[in-house]
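This report refers to the structure that appears directly beneath it.
The values are calculated or read from the model by the stated rules, or taken from the named source; none is laboratory data. As the structure is a computational prediction, the values presented were derived from the model and not from experiment. Note that each Cβ is placed from the backbone with ideal geometry, even for glycine, and that neighbours are counted across all protein chains shown. Please note that ligands, DNA and RNA were not included when accessible areas were found on the heavy atoms of the full protein model with its side chains. Shrake-Rupley method; radii C 1.70, N 1.55, O 1.52, S 1.80 Å.
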Amino acid sequence: MAKVTQPVTDDSIKVRQLSHYQFTWVAGGPGAPGTITLQLVLDQGAWEEVLTVNADDADVLQDLLTNTETVHYDISRRTLMFGVTPVGS
């Protein structure tokens, strides 16, 4: 059996399930482009992460988030993982 470091804390959990998300656009200075952020609410609010994304990435992410039932986020690698597909599907 694998040895698990105790105690298990919020900081020791590295992969969490995405519960909710919100895109935000923040205006830049005069004549400057704005900034798009993506706020991730993980494990029903146990953890939150805010990512800065460009417009193309925001468009792709919106499509993936809309069309994927289960999404996980690896906190240490800052990686979104979309769904689980059985081999051969």
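Within region 11-22, restricting attention to residues that are farther than 12 Å from LEU40 by Cβ and surrounded by 10 or more Cβ atoms within 10 Å (Cβ to Cβ), which residue is modelled with the highest pLDDT? Quick ask: steps written out before the conclusion?
The initial filter retains those residues of region 11-22 that are farther than 12 Å from LEU40 by Cβ, namely 11-15.
Restricting the remaining residues to those that are surrounded by 10 or more Cβ atoms within 10 Å (Cβ to Cβ) gives 12-15.
On the way: SER12: 68, ILE13: 76, LYS14: 89, VAL15: 93.
Looking at residues that are farther than 12 Å from LEU40 by Cβ and surrounded by 10 or more Cβ atoms within 10 Å (Cβ to Cβ), I get VAL15.
Scanning region 46-70 for residues that are in contact (Cβ under 8 Å) with a residue 12 or more places away in the chain, surrounded by fewer than 11 Cβ atoms within 10 Å (Cβ to Cβ) and within 26 Å of THR85 (Cα to Cα) yields GLU69, THR70.
For region 48-83, the tally of residues that are touching a helix residue (DSSP H, G or I) at 6+ places or on another chain (Cβ under 7 Å) and under 18 Å from VAL15 (Cβ atoms) stands at 2. Residues of region 71-89 that are touching a residue at least 24 places away in the same chain (Cβ under 8 Å) and aromatic (Phe, Trp, Tyr): TYR73 alone. Looking across THR79, THR85, THR5, THR37, one residue alone is open to solvent by less than 50 Å² (accessible area, probe 1.4 Å), hydroxyl-bearing (Ser, Thr, Tyr) and either under 10 Å from the mean Cα position of the chain (by Cα) or at pLDDT below 95 (or both). It is THR79.
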